[in-house]
1. Which far-off residues, 5 or more places away or on another chain, put their amide H under 5 Å from the one on Arg6, with H placed in the peptide plane?
2. Please identify which residues in region 96-115 have an amide N closer than 20 Å to a label point set 7 Å out from the Cα of Asp19, following the Cα→Cβ vector.
3. Pop out the ³J(HN,Hα) list for region 92-109 in order, Karplus 6.51 cos²θ - 1.76 cosθ + 1.60 with θ = phi - 60°, rounded to Hz; leave Gly and Pro as x.
4. Under 15 Å from the Cβ of Glu82, count the other residues' Cβ atoms, weight Lys and Arg +1, Asp and Glu -1, and hand me the total.
5. Return the long-range amide H neighbours of Glu31 (sequence gap of 5 or more, or a different chain), with a cut-off of under 5 Å between placed amide H atoms.
6. Using modelled backbone amide H atoms (1.01 Å from N, in-plane), which distant-in-sequence or interchain residues come within less than 5 Å of Val91's amide H?
7. Test of understanding: express the Cα radius of gyration of the chain as a ratio to 2.2 N^0.38 Å, with N the residue count.
8. Residue-wise, which Karplus ³J(HN,Hα) couplings in Hz belong to region 49-60, taking 6.51 cos²θ - 1.76 cosθ + 1.60, θ = phi - 60°, and x for glycine or proline?
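Computed from the coordinates by the stated procedures, all read-outs in this text should not be read as laboratory data. Predicted model only: the values in this text are computed from it and were never measured. As a convention, Cβ positions derive from the backbone with ideal geometry for all residues, glycine included, and neighbour counts pool all protein chains shown.
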Amino acid sequence: MSAKERIVFLDRAALGGDDLPIPDFDHNWSEYPATEAADIVPRLFWATTAITHACPIDADSLGQLHKLTRIVVTGPAVVNAEACEARGVVVRHLPASDTPGQALIGLLEGLIDQGKR
């Protein structure tokens, strides 16, 4: 039995009004219109997957996020690649798309499927 994925979208408003389809895997989904730097760790503390558009995720924050296994970047957010590599956190950037919501869910489903193998 696999653990339920916990996905947190730190700045959902940045993706615009595009509807997000429901991912096809067992999960809990939390989203916030925007996230201040002081709220990143508390919001991601139990997350297995973070989605960020512009919220930076630095090495100090990553060091406190023991359940995090992947980060999806949908925009210009800076994520500390060295800290991610050291902790085994996979970072993927959302490719440009006319349907970013659908592309995001497709990317997430692919990442989750890869993690189960």
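1. HN-HN under 5 Å from Arg6: Asn28, Thr48, Thr49.
2. Counting only backbone N, you get 97-109.
3. Per-residue couplings from phi come out as 10, 9, 5, x, 4, 7, 6, 10, x, x, 5, 5, 4, 5, x, 5, 4, 4 Hz.
4. Computed value for this residue: -2.
5. Those lying under 5 Å, H to H, from Glu31 are Phe9.
6. The answer is Ile71.
7. Ratio of Rg to 2.2 N^0.38 Å for the chain: 0.97.
8. 9, 10, 10, 9, 9, 10, 6, x, 10, 9, 4, 4
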